[in-house]
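Everything below concerns the one structure shown next.
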Amino acid sequence: MDKIKMTTPIVEMDGDEMTRILWQMIKDHLLLPYIDLNTEYYDLGLEYRDKTNDQVTIDSANATQKYKVAVKCATITPNADRVKEYSLKEMWKSPNGTIRAILDGTVFRAPIVVRGIEPCVMNWKKPITIARHAYGDVYKGSEMRIPGTGKVELVYTAEDGSETRELVHSFKGPGIVQGMHNLNDSIESFARSCFNYALDTRQDVWFATKDTISKKYDHTFKDIFQDIFEADYEDKFKEAGITYFYTLIDDAVARVMKSEGGYIWACKNYDGDVMSDMISSAFGSLAMMTSVLVSPDGDYEYEAAHGTVQRHYYKHLKGEETSTNSVATIFAWTGALRKRGELDGNAELAAFADKLEQATIDTIEAGEMTKDLALITSIPNPTALNSEEFIKAIAKRL
C-alpha cells in the first residue's frame, strides 16, 4: 500500500528512559509502516538538554508556534539525585513548564475509556476532561520561615515609587508565610483556551475557584472568565448547544462525584494538578490519560500524562522483560496526527489516527493488555503482554 503523505511536519520531542524506548517501538511498528512520517525532530532527552543548556527545549517550543502541532515524549525533570546520576551542569527546569510558559498554554487531560477498565465512581459514563491553568499560584510562590515575633506585609511599589501595603499577619512566635501571584493576561489566555477547546470538542465547561474566601485573587479568575464568555463566546456556545457555568470548588467536587461525566472541568493550577491525578486514578490508570497543551493562538502539544517509568527502564537496561503501558504515548501520537490532518485538510491522516486508537482499544477489550491493566480489569482471563508484545498486538489489529 502507498504510505499516507504529510504536507506539514509535526514537531517531534523525544524524551527519556522507558518512554523513549516505547517511543521508538511505536514509530517502528505502528506509524512508519503506514505513514510517510514528516517531523521536525528535537531531542529532549536529559543528556542533550544538558549539552545545549536547555536551548533545545526552547527551540522545540518555538517550532511548535511555527508548525502549530507537536507531540512530546515524557521527560525527566531533574532533582538532586538526577543531577548526580547524569553529571548535569545544573538542575534544569521542567521541560513541560518551559514549553507551557512559551506557548502560554492550558493543559487538557482526559481518561481513555475502555470496556473492562471500569471507573471507581460507578455513575461516571463519559470522560471528564481536566483543564489545568499552567501558570503561577503556588508554583511561582515565594516562601519564608518566620523566626519569631514581627509582622509580615504585602508591599506593592508602583513605578512612581509610591507604595501600597496589606498586612498578612502579626506573628507572636515562629511560623511560615507564602506569597503567590498570577497575571490577568495569563488568566485571559486560560479562559479563551478553555472556551475554544469546548467548542472544538462540543463539551460543557465548568469552572470553579474559592471566591467566597479569596475575594480578590480567586474572584479575579471568576470575573475574567465571565467577562470573556459574555463578550466573545456566549452566542457561540448557544449555537453549539453547550453551556458554561461557575461554581465554588467544593461544590464542583460534589457535583463531579454525582455526575455522569462528559464535560471540561477548568481548574486553577494546584486544583488541576491534584484533580487530574484523582480523575485518572478513579478512571483506572495514569497510563490511560490523554494530555494536550493548547495555546490561545491555536498551538497544540500532545503528550502522555505520566512520567518516564524509571523503574522499568532500569529493568530494561539489565535485559529484563518489562510490561510498560504505552497507551497514553500512542494517543499522544494519534492526537497530534489527527490535529495535523484537520489543519491540513488531510482526511486520510486523521482517519488513520482514529483507526490506530480503535485498534488500541480493541486490543485491550479483547483481553490483551499490559500487566498494570491485567491487575485491574474485569475482563476474565486477560493475557498480560510485555511492552513490545502489546504494541505488536495493536499492530496486528491495525
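The set of residues from the stretch 67-83 being free of Cβ contacts under 8 Å to residues at least 60 places away in the same chain and farther than 20 Å from Trp333 by Cβ comprises Thr77, Pro78, Asn79, Ala80, Asp81, Arg82, Val83. The number of residues in the stretch 169-200 being aromatic (Phe, Trp, Tyr) and part of a strand (DSSP E or B) comes to 1. Pairs meeting the criteria (first residue in the stretch 37-61 and under 12 Å from Asp16 (Cβ atoms), second residue among the charged types (D, E, K, R) and part of a helix (DSSP H, G or I), beta carbons under 8 Å, at least 6 apart or on different chains) are Gly45/Arg20; Leu46/Arg82. Among residues of the stretch 191-210 that are more than 13 Å from Trp265 (Cα to Cα), those with a Cβ under 7 angstrom from a residue that is of a type in the set (Lys, Arg) and at pLDDT 95 or above, sequence gap 6+ or separate chain, pair up as Leu199/Lys236. The residues of the stretch 134-183 that are surrounded by 12 or more Cβ atoms within 10 Å (Cβ to Cβ), free of Cβ contacts under 8 Å to residues at least 40 places away in the same chain and hydrophobic (A, V, I, L, M, F, W, C), listed by number, are Ile146, Val152, Val168, Phe171, Val177. Per the listing Val107, Val113, the residue uniquely in contact with a strand residue (DSSP E or B) (Cβ under 7 Å, 6 or more places away or on another chain), closer than 30 Å to Ser193 by Cα and either among the aromatic types (Phe, Trp, Tyr) or assigned by TED's automatic domain parsing to the domain that holds Ala332 (or both) is Val107. Among the residues of the stretch 126-168, those identified as outside any loop (DSSP other than H, G, I, E, B) and at positive phi are Asp137, Gly150. Checked against the criterion of being in contact with a Phe, Trp or Tyr (Cβ under 7 Å, 6 or more places away or on another chain) and either farther than 23 Å from Met1 by Cβ or not hydroxyl-bearing (Ser, Thr, Tyr) (or both), the candidates Lys371, Lys339, Lys355, Lys396 yield just one match: Lys339.
A quick yes/no check of all residues on (1) under 28 Å from Val177 (Cβ atoms); (2) polar (S, T, N, Q); (3) out of contact with any His (no Cβ under 9 Å at 6 or more places or on another chain):
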{"residue": "Thr106", "(1), (2), (3)": "no, yes, no"}
{"residue": "Val121", "(1), (2), (3)": "no, no, yes"}
{"residue": "Trp124", "(1), (2), (3)": "no, no, yes"}
{"residue": "Leu154", "(1), (2), (3)": "yes, no, yes"}
{"residue": "Ala158", "(1), (2), (3)": "yes, no, yes"}
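Of the set (1) crowded, with 20+ Cβ neighbours inside 10 Å; (2) more than 22 Å from the chain's Cα centre (by Cα); (3) of a type in the set (Lys, Arg), all apply to Lys72 but (2).
When the helices (runs of 4 or more DSSP H) confined to the stretch 267-383 are screened for residues that are surrounded by 21 or more Cβ atoms within 10 Å (Cβ to Cβ), those reaching at least 2 such residues are found at 269-283, 327-344, 347-365. Does Lys93 satisfy the criteria of being of a type in the set (Lys, Arg), closer than 27 Å to Cys267 by Cβ and surrounded by fewer than 20 Cβ atoms within 10 Å (Cβ to Cβ)? Criteria met by Lys93.
Just one of (1) in the same structural domain as Ile361 (by TED's automatic domain parsing); (2) over 13 Å from Val107 (Cβ atoms) fails for Ala304. It is (2). Among the residues of the stretch 33-60, the one identified as of a type in the set (Gly, Ala, Ser) and buried (at least 24 other Cβ atoms within 10 Å of the Cβ) is Ser60. The number of residues in the stretch 318-350 being of a type in the set (A, V, I, L, M, F, W, C) and within 19 Å of Thr363 (Cβ to Cβ) comes to 7. Summed over the stretch 201-248, residues that are closer than 30 Å to Leu154 by Cα and not in a strand (DSSP E or B) total 19.
The values are calculated or read from the model by the stated rules, or taken from the named source; none is laboratory data. Since we're looking at a predicted model, the values are computed, not measured. With ideal geometry, Cβ positions are generated from the backbone for all residues, glycine too; neighbour counts draw on all protein chains shown.
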